[in-house]
Structures are given as C-alpha cells and as structure tokens.
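*Asks:* Once you've had a glance at the structure underneath, I'll fire off some questions.
Every number in this text was worked out from the coordinates using simple rules, so none of it is lab data. Just so it is clear, the structure is predicted and the values come from calculations on it, not from any experiment. Backbone-built Cβ (ideal geometry, glycine too); neighbour counts: all protein chains shown.
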Amino acid sequence: MSTIAHTQKRGFAGTVWEYLTTVDHKKIAILYLIAGGLFFLIGGIEAMMIRIQLAVPNNDFVSAGLFNEIITMHGTTMIFLAAMPLLFAFMNAVMPLQIGARDVAFPFINALGFWLFFFGGLFLNLSWFLGGAPDAGWTSYASLSLASEGHGVDFYVLGLQISGFGTLMGGINFLVTIINMRAPGMTYMRMPLFTWTTFVASALILFAFPPLTVGLFMMMFDRMFGSGFFDVAAGGNTIIWEHFFWIFGHPEVYILILPAFGIFSEIFPTFARKRLFGYSSMVFATVLIGFLGFMVWAHHMFTTGLGPIANAIFAVATMAIAVPTGIKIFNWIMTIWGGKITFTVPMLYAVSFIPSFVMGGVTGVMQAAAPADYQFHDSYFIVAHFHYVIVGGVVLALLAGCHFYWPLMFGTMLSERLGKITFALFFTGFHLTFFIQHFLGLMGMPRRVWTFLPGQGLETGNLISSIGAAFMAAGVIIFLINVVNTQVKNVQVGRDPWKDGRTLEWAIPSPAPFYNFKQLPLVRGLDAFWIEKMEGKTEMTPAEPIGDIHMPNNAFAPFLISLGLFIAAFGAMYQVDDKPWAIPVLIIGMAITFGSMLYRSIKDDHGYHIHKEDLLDDADKGGTR
Amino acid sequence: MANLQSNSGDPKVNYEYRRKKSADEMRMQVITFTLMIFFTVLAFAAVGAGFSKWFIIPFVLLLACVQVAFQLYYFMHMSHKGHEAPQLFMWSGIFVAFLTILTFLTIIWW
Ligand SMILES: [Cu+2]
C-alpha cells in the first residue's frame, strides 16, 4: 500500500509538495544540488563582474562601493552557499549508500538542515534588492564591518547565522549516521574514503561552526543591540573577531577540501581499476589533517602583530600540514601507477586536479613562512593561492563528482563529449585566470582593489586573467547545456553504469528504491561490491532475511521552522531603524518557528512500515533490476 | 546496540555475575564520592589557610578537573564499553576549547 503511494506518478504540484516535505536523503541531495548550483551561478556572475571591472585600467564598469559589495558576496556565496551545499549534496546522495544504510540517522533534521541553509542563503542574497549587499569582505573584519553603513553587514550576520545552523545540523547528522548505521561487516577501516572524509569534515563542522556562531552573535549584538565586544572605544577588542573568524575559517577550508579529496579517492581506483594505494595511510592522513587544521588559524593574522613566538609556532604548525597532504598526493599517484586507466570525464578532472592542487599547496607553504607572508599579505598572490586550492581542488572535485555520481542521483549519464569540452574550457580558463595573479601580487597589486592605474605593468596580467574567466564561464554554460540535454533525453542507464563501481552505492538498483536496501548487505572487506564481482556474483550477499522496513513520514515542519527564522531575521534587522512593524515581525517569525517545533514535539509521528509482502511484490514486478 | 550496559537486565546474563558487577560498581562509586568530598574540603582548606593565590588558583582548578573526570567516568558511566566515540569527541572538543582559551590568554589579553 505504502509502496504504491511512492511509485504513483505525480503532477507538478504533487512533485513540488513532495520535495518541500521530503525527508529522503536522496531527494534532499537533489535539493542541495539545485540550490547550491543556483548560488554557484550567482557567485559566478559576481566573479565575472569582478573580472570585467579589472580587465582594463581605470575601468568604471561598476562603482567602488558596488565593487566592494560584489567581492564580499562572491566570496561569501561561493564558500557558504555554493561549495559547502554542493558537497552536502554528494554526501547526502552517496554516503548512506556507501555504508549500507537505509537513510541518515535523523531524516527530519536532514531536511531541517537543508531548509535553514536555503533560507539563510536567500536572506543574504535579498540584500541586493533591499538597500545594498554586505561590503566588508567575506571575512567581515570587525573594525570595518562595524563602520559599514546600511544593512549590508546585518544581512551577512543574520543570513550566515541561519544557514550556519543548518550546516551544523547536517554535520552532526552525518557523524551519527556513520557511527551508528554502518551495515553488518562495515568496520571503520572498511569504509570508503569518501565516507571517511565526510566523517572528518563533519567533525570539523561540529567543532568549527560554534566559534563562527559565537562571533556572529557578538557582531549581531554590536551592530543591532548596542553592545561593544569589538568596539575599541567601548573597551572591546577588534582582534577577537579575527580570531573567532579564523578559528572557524581555517577548518572551513578543510571542510571543503577533505570531501573533495574523498571524491577523487573514489574516482582514481574506479578508473585505474586498482584498489586505492595505501588505504590506511589515506585514512590516517585525513584524520591528521583534520586535527592539525585546528592549530593553525593564526597564519591568517601574521601581520596583526601577534609577536615572533606566536608567529613562529603557527608557521611551523601550518607547514606540518604539508606532510599528510603529501602522503595523499603520492598515494593517488601510486593508485594510478600501473593501473588500466580509462580517461572518462571524472578521471580527467581527477588527474588534472593533482598538479593544480599541488601548486596551491606550495604557495600555501610559502605563505606559512611568516616573514615572507609580510610581503604576500593582502596582495593578489593570496587571491591566486586560495583560488588554486578551492577551484583547483574543490570545484574540480564538484564537477568531477557531478559527472561521476550523476547516474547514481538521476539514473542518467551526462554526455562524455560535452563533458570533455567543459573540462578543456574550464581547466584552461582556470589556469589562465589565476596563474598570472601570483605575479600580479608579487608586482604589488593589492587584493580587493577596485581598479588600477595604467603604466604600472599590471595591464597585461589583468587582461589575461579576465580572458581566462571568460573561458571558465563558457565551460560552465556548456555543462548546463549538458545537464539539460541529458535530462530531456532521459536515457536510463541502469545499475553500475561505469562498469567498474567498487563500493556499495553501485550495488543497488537504479533508480534506487526509496528504502535503498531491501536487505542490508554483508560487507566482507574494503571495496565491498568489487569483492563480490571478483567472485562472479552480481549482487551483494544479504546480511538479513527480508523483513518489514521502518520508514519516516514526510514532514512540512522543517520548511516552516526555517521560514519562521527567515521572517524573524527581518524584524531583528529593521528594529534598529525604529520601524514600528519590526518587533511584531520578529515576534511573528519566532512564533512560527517555535510553534512548528512545539507541534513536532507534541504530535507523535512513528513513521510507517513497508511490509514484507510489498517488498516481495516489488521484486516480482521487476521493480529492482 | 553496543552501548547496552552489563547491568541492563538481560535475563540471559548470569544473575550472580550481574550482582557482583553491580557491587563492584557500587564500591567504586562510593570511593569516588568520598574522594570528591575530600577534594572539596581540600579546596576550601587551601583558601581558608591563606596560601598565595599563585598556589590556590592552579590547585583548585586541578581538583576541579579531577572531579569532572570522576563525574564523567564513574557517575555518568563513561568508563563502560560502547562509549569510545563520545569519548573521542568530548576530548577533541575539550582540546580545541583549551587551545582557543590558551591562545586568547597568551596573545590577545597578555
Ligand atoms: Cu588557513
């Protein structure tokens, strides 16, 4: 009965309602992919505007004030609203399947996490239409942001606070899922690397987001409720914001890059047809990077005057991270070495990721040397460095992951031909844009500068950089065409479309049944599905007889809880201007949030069971190929 | 689940064994409880005796840390099997918090 309800064809409104209320990790993954992709495009348009403005000297394509808003929103959007949610999309889509779970540990909280992120991001971006976006840089240093006029920085503080709650919930959810819901036989040291990196990244979220939350709260009270945490005139200390921001900010970099490493660690063995070289050292390196990531934040603040001892300690700690990262790089190379390689689109991204990321890593070690950093600080060298790490690492992983996991998420295969064109354009454009920026920085071009003068040797470099950005944009447009084409044609490719899938996620039928596994699989080693295939089997060995499966009900409360905070944020922000409606709006928003929470707490919702007979029926009808 | 405790009332587990286990645990709890009261008395005594504050503050803080550990491991049963993950995360969290406070004390408010 319940199975029938899920296989029925829905109308458009029905589909929308299904996605508004879904608690299924596979559907939440699609929501994250769409919302993250949308914000990625918005951030990309902002990037293009930056490069147009800087293409020629003395340009006035945008005004200086608008330029500040654009760079702030580009950075904030790309980090918080594009890269992280897109990684969450893959974590949601892949991780529960990889460990042989039927869903995440808290499906309701999973949905709540998504909607909080979405409404936080929406709130932040509405600033464009409501009197100006934040303009104090994505780091929003207190001495600058407290002086920023209008409501821009308020949008930043409240928007990030709301979306940060969502991220924190997502991270905790993944942790509990990985600790408690692994299939029989799936020990920690048999978990695929993407699951491992999800685990460590989630732990980093757990420890890194609270400092950000605290910092944002202090900023919120300083700006909206008259406190003076960062206000030097009132006895505060402006440097504290920098510490809080970077205690969060440096682990944040690893929250982004570790899952990217995980995606590549899945792609290399698949297309080299070899098991991952040095699996246990990869796990060790992942954990070590996560650990060291908390002891290095002050390398962003060498020039604030921490003193030689603090600078030296943080410099050495930072350089130490190159060791586990190097272990990973060598392991990937050894994985490809002697393999039977096929250069599919994901593999192209993976192979080109190695040199790109190493370049970003090397400039990172250069900046870790505190005396040298006094030269690099706030120059375009820094801009080049972190774009090499984030675009050369994370964005390449996201594009690779899209191609690699598309069949898993949608049952269709993106075109390899268009994919290769995207790859060529994006990869060329990326190096064209950012390589030259190292030299622009060394020649003295400051970061976040609105325009530059002719005759200082900066014209050619900036023009090349802008041309490169156009290549990247072209690559993304072709990728979008690829997506639309593929989904319109809708050719279902079935199970294990890459033929060489190694891990559990490729063992389930395509499209995946909503309960994932009819019977939980028995895991007999690393690369569980590959082991079965090598023994001539086509299915996993089940670890349990067919029985009733307990499933959670859909819920609308996550949407309402998040909507309430979204409304309340407007009230909190406009009460500063003594608007008479502001306080009532704040109260109404909070009432919606707490009302939905109360409703959720009082109403008993035990979910439902899929009965054994229905599962057996499913198999007879060929529902599982 | 793995964190079912040995005294969870599973009828298959030998009654005598469970009885002995509970008695052992009870003894440990009484011992730690006595120690905790003793530590509290020590803390008050140290302040009352009027030692230098460079002795009293670290001493009281140390006693407090030991008491927290007792509380967690004996009264909240963290010493039992199946608490490895919570332990790992608690200690990592404490470590990160400690590191943060240490740097704040040394390089911001020096
Ligand atoms: Cu850093």
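*Asks:* I'd like the Kirkwood hydrodynamic radius of the stretch A:209-328, using the inverse of the mean 1/r over distinct C-alpha pairs, in Å.
*Replies:* Final number for the Kirkwood radius of the stretch A:209-328 is 16.6 Å.
*Asks:* Sticking with this structure for a sec: When the C-alpha atoms of the stretch A:289-334 are aligned to their principal axes, what extent does each axis show, in angstrom, from largest down?
*Replies:* The principal-axis extents, from largest down, are 43, 15, 13 Å.
*Asks:* Please report, in Å, the Rg and the Dmax of the stretch B:24-110, where both are computed over Cα atoms only.
*Replies:* So, for the stretch B:24-110, Rg and Dmax equal 16.3, 48 Å respectively.
*Asks:* To two decimal places, what compactness ratio does the stretch A:1-119 give when its Cα radius of gyration is scaled by 2.2 N^0.38 Å?
*Replies:* Compared with the compact-globule rule of thumb, the stretch A:1-119 sits at 1.42.
*Asks:* Sticking with this structure for a sec: Give me Rg/Rg_expected for the stretch A:335-486, where Rg uses Cα atoms only and Rg_expected = 2.2 N^0.38 Å with N residues.
*Replies:* Scaled against compact globular proteins, the figure is 1.19.
*Asks:* Where a Cα-Cα gap under 15 Å defines reach, which aspartates and glutamates qualify for A:K533, not counting those fewer than 8 residues away within the same chain?
*Replies:* Cross-link targets: A:D496, A:D500, A:E505.
*Asks:* Another one. In debye, nearest 20: dipole of the protein assembly as shown around its Cα centre with unit charges on the Cβ of K, R (+) and D, E (-)?
*Replies:* In total the dipole reaches around 1680 debye.
*Asks:* Next up: Just to check, using Stokes-Einstein with a Kirkwood Rh over alpha carbon pairs, what's the diffusion coefficient of the protein assembly as shown at 25 °C and 0.890 mPa s in µm²/s?
*Replies:* So the translational diffusion coefficient is about 88 µm²/s.
*Asks:* Tell me, what is the Rg over Rh of the stretch A:71-128, with Rh the Kirkwood radius over Cα pairs?
*Replies:* Computed over Cα atoms, the ratio is 1.08.
*Asks:* Something else about it: What net charge do the residues around A:F90 carry, taking every other residue with its C-beta under 12 Å from that of A:F90, with Lys and Arg at +1 and Asp and Glu at -1?
*Replies:* My count for the surroundings of A:F90 gives -1.
*Asks:* What does the convex hull of the Cα atoms come to per residue for the stretch A:491-574, in Å³?
*Replies:* 191 Å³
*Asks:* Separate question: If each Cα of the stretch A:142-257 is one equal point scatterer, what is log10 of I(q)/I(0) from the Debye formula at q = 0.09, 0.16, 0.17 Å⁻¹?
*Replies:* Debye curve over Cα of the stretch A:142-257, log10 I(q)/I(0) at q = 0.09, 0.16, 0.17 Å⁻¹: -0.33, -0.77, -0.83.
*Asks:* So what's the net charge close to A:V62: Lys and Arg +1, Asp and Glu -1, counting the other residues with Cβ under 14 Å from its Cβ?
*Replies:* Its environment carries a net charge of -2.
*Asks:* Of A:V62, A:G249, B:T32, which is farthest along the charge dipole of the protein assembly as shown in the positive direction, counting Lys and Arg as +1 and Asp and Glu as -1 at C-beta?
*Replies:* B:T32
*Asks:* Quick check on chain A: helices-only [θ] at 222 nm, where DSSP H runs of length 4 and up contribute -39,500 (n - 2.57) each and the sum goes over total residues. Nearest 500, please.
*Replies:* -21500 deg cm²/dmol
*Asks:* Further question on the same structure: Excluding residues on the same chain fewer than 8 positions from B:K20, give the lysines whose Cα lies under 22 Å from its Cα.
*Replies:* By straight Cα distance, B:K20 reaches B:K12, B:K81.
*Asks:* A follow-up question, please. For the stretch A:421-515, count the residues as N, evaluate 2.2 N^0.38 Å, and divide the Cα radius of gyration by that value, please.
*Replies:* So the stretch A:421-515 has a normalised radius of gyration of 1.72.
*Asks:* Which whole-number percent gives the relative contact order of chain A, counting Cα pairs below 8 Å spaced six or more residues apart?
*Replies:* 16 percent
*Asks:* Taking GluC sites (Glu not before Pro) that fall in a DSSP loop and have at most 13 other Cβ atoms within 10 Å as cut points, what is the longest piece of chain A between them?
*Replies:* The answer is A:150-534.
*Asks:* Specify the angular offset, from 0 to 90 degrees and rounded to the nearest 10, of the alpha carbon long axis of helix A:279-292 from the longest principal axis of the alpha carbons in chain A.
*Replies:* It is inclined by approximately 30 degrees.
*Asks:* Which is the longest stretch in chain A that no exposed loop site breaks, taking sites as chymotrypsin sites (Phe, Trp or Tyr not before Pro) with a DSSP loop state and at most 10 other Cβ atoms within 10 Å?
*Replies:* So the longest stretch without any such site is A:226-625.
*Asks:* Can I ask one more? Mind scanning A:K274/A:K537; A:K27/A:K499; A:K27/A:K328 and naming the pairs with a C-alpha gap bigger than 21 Å?
*Replies:* A:K27/A:K499; A:K27/A:K328
*Asks:* I'd like the orientation of helix A:345-368 relative to chain A: the angle between its Cα long axis and the longest Cα principal axis, in ° from 0 to 90, rounded to 10.
*Replies:* Taking Cα atoms only, the helix is inclined about 40 degrees.
*Asks:* Tell me which residues come under 5 Å, amide H to amide H, from A:S379 once H is placed; ignore anything under 5 positions away on its chain.
*Replies:* It is A:R447, by chain and number.
*Asks:* On alpha-carbon atoms, Rg over Rh for the stretch A:268-372 using Kirkwood Rh?
*Replies:* Rg/Rh for the stretch A:268-372 comes to 1.09.
*Asks:* Sort out for me the Cα centre separation of the stretch A:337-373 from the stretch A:210-274, rounded to whole Å.
*Replies:* After rounding, the separation between the Cα centres reads 24 Å.
*Asks:* So what are the stretch A:61-173's ellipsoid semi-axes, whole angstrom, largest first, if each one is the square root of 5 times an eigenvalue of the alpha-carbon gyration tensor?
*Replies:* So the three semi-axes of the stretch A:61-173 are 32, 13, 11 Å.
*Asks:* Using only the alpha-carbon atoms, how far is helix A:25-53 inclined from the longest principal axis of chain A? Give it as 0 to 90 degrees, nearest 10.
*Replies:* Compared with the principal axis, the helix lies near 30 degrees.
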